[in-house]
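Before any comments, here is the structure.
Rule-based calculations on the coordinates, nothing more; no lab input. In this text the structure is predicted, and so the values were computed from the model without any measurement. Quick reminder, even Gly has a Cβ in these numbers, built from the backbone with ideal geometry, and neighbours come from all protein chains shown.
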Amino acid sequence: MNENLRGRLTRDGIRIYEPEDFAGMHKAGALAASILDRMAELVFPGQTTEAIDARITQMVEEAGATSATIGYKGYQHASCISVNHVVCHGIPGPKMLKDGDILNIDVTVIVDGWYGDTSRMYVAGTLSRKAERLIEVTHDALMKGIEMVRPGNTFGDIGHAIQSYVESQRMSVVRDFCGHGLGRVFHAPPNVLHYGRPGTGAVLEEGMFFTIEPMVNLGRPETKTLADDWTAVTRDKSLSAQFEHSVGVTADGVDIFTLSPAGRFHPTYG
Ligand code: MF3
Ligand code: CO
Ligand code: CO
């Protein structure tokens, strides 16, 4: 059987993986997370995002793994680095970080054919109060979404948990990008929306693997994509933040594949 076609598909076209497949996802997720654990010391005023990306390329190579993003739809880098009002898919480049800049670093690796996809927020220098609040709300929104992951709940339950919390904090959830199924492939069904109504959407089943990766804006939710065809920014130029985990549905809950080995995921920058 084709390795990419193992397991079965639900009516919604969502692949159900086998219990033994969780180990592969853990290995890939742990590598992606350990790369992010090593980013904090690379983020400082005067640093360029291309220098950060070059280190990521090196770390992926040293681990004997493959970058999922290099060559993906023509993308040429091992990470997306999205600074301030960049919502996602920021392209690493020669521009220097300034004191107070906040940035998302998003890394996806392939280990033994399994994909690990995760992102976190970092700050160059001093973190402003409003950026700190945005980052905390975004992180907590992701975790509230993850808390809804168990068999029998729906994808709408996840989206609703995220949206209702973010909006209660007077911030907005980006609609133009979503999480995704992954496993032996990078992007597969379903689209994991970060907004929605309870009880709607596909029902979660044991063996589903997907990402949750909410993008939260201080201002309005609308985005636009720049002429480079990748960089997505907030239309109103407001600050944006994002966190991403890859997860699997277990018999009674959730398994997070991209937990920080060093316990550094939470934005206290430990
Ligand atoms: N890692 C991103 C995600 O969370 C996808 C990046 S695709 C790229 O799905 F080509 F922009 F790198
Ligand atoms: Co993703
Ligand atoms: Co990602």
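Quick one: net charge around G201, please, counting Lys, Arg +1 and Asp, Glu -1 for every other residue with C-beta under 11 Å from its C-beta. Show your work: numbers first, answer last.
Numbers: positive: R197; negative: D12, D157.
Spelling it out: positives minus negatives among the neighbours equals -1.
Only Lys, Arg, Asp and Glu count, each charged at its Cβ (+1, +1, -1, -1), so figure out the dipole size of the chain about its Cα centre, rounded to 20 debye.
Details: 25 positive and 33 negative charges, 147 e Å.
Value, rounded to 20: 700 debye.
Taking 7 Å along the Cα-to-C-beta vector as the label spot, tell me the D236-T48 distance in nanometres, rounded to one decimal.
The two pseudo-label positions are separated by 3.4 nm.
Where does the Debye-calculated log10 I(q)/I(0) of region 159-199 sit at q = 0.31, 0.33 Å⁻¹, using only Cα point scatterers of equal weight, no solvent?
Taking Cα atoms of region 159-199 as identical point scatterers yields -1.01, -1.07.
GluC sites (Glu not before Pro), restricted to region 126-205: which are DSSP loop and have at most 14 other Cβ atoms within 10 Å?
Sparse-neighbourhood loop GluC sites (Glu not before Pro): E205.
Filter the trypsin sites (Lys or Arg not before Pro) in region 88-149 to those in DSSP coil with at most 13 other Cβ atoms within 10 Å of their Cβ, and list the result.
K95, K98
Lysine pairs in the chain 8 or more apart or on different chains: how many have alpha carbons under 24 angstrom apart?
Counting lysine pairs in the chain gives 12.
Normalised by the number of residues in the chain, what is the relative contact order in percent for Cα pairs under 8 Å and 6+ residues apart?
Numbers: 680 pairs, mean separation 62.3, N = 270.
Once normalised by length, the contact order is 23 percent.
With +1 on the Cβ of every Lys and Arg and -1 on the Cβ of every Asp and Glu, and nothing else charged, how large is the dipole of region 98-246 about its Cα centre, in debye rounded to the nearest 20? Walk me through the numbers on the way to the answer.
Working: 15 positive and 20 negative charges, 105 e Å.
Charge dipole, region 98-246, about its Cα centre: 500 debye, nearest 20.
For a quick size check, give me the Cα extents of the chain along its three principal axes, largest first, whole Å.
Largest to smallest, the principal-axis extents are 49, 43, 36 Å.
What number comes out for the charge environment of H245, summing +1 per Lys or Arg and -1 per Asp or Glu over other residues with Cβ under 9 Å away?
On the way: positive: none; negative: D117, E213, E244.
Counting the neighbours of H245, the net charge comes to -3.
How do S164, S172 rank when sorted from fewest to most other Cβ atoms within 10 Å of their own Cβ?
Ranking S164, S172 by Cβ neighbours within 10 Å, fewest first, gives S164, S172.
About the Cα centre, and with charges only on the beta carbon of Lys, Arg (+1) and Asp, Glu (-1), how big is the dipole of region 39-101? Nearest 20 debye, please.
Value, rounded to 20: 220 debye.
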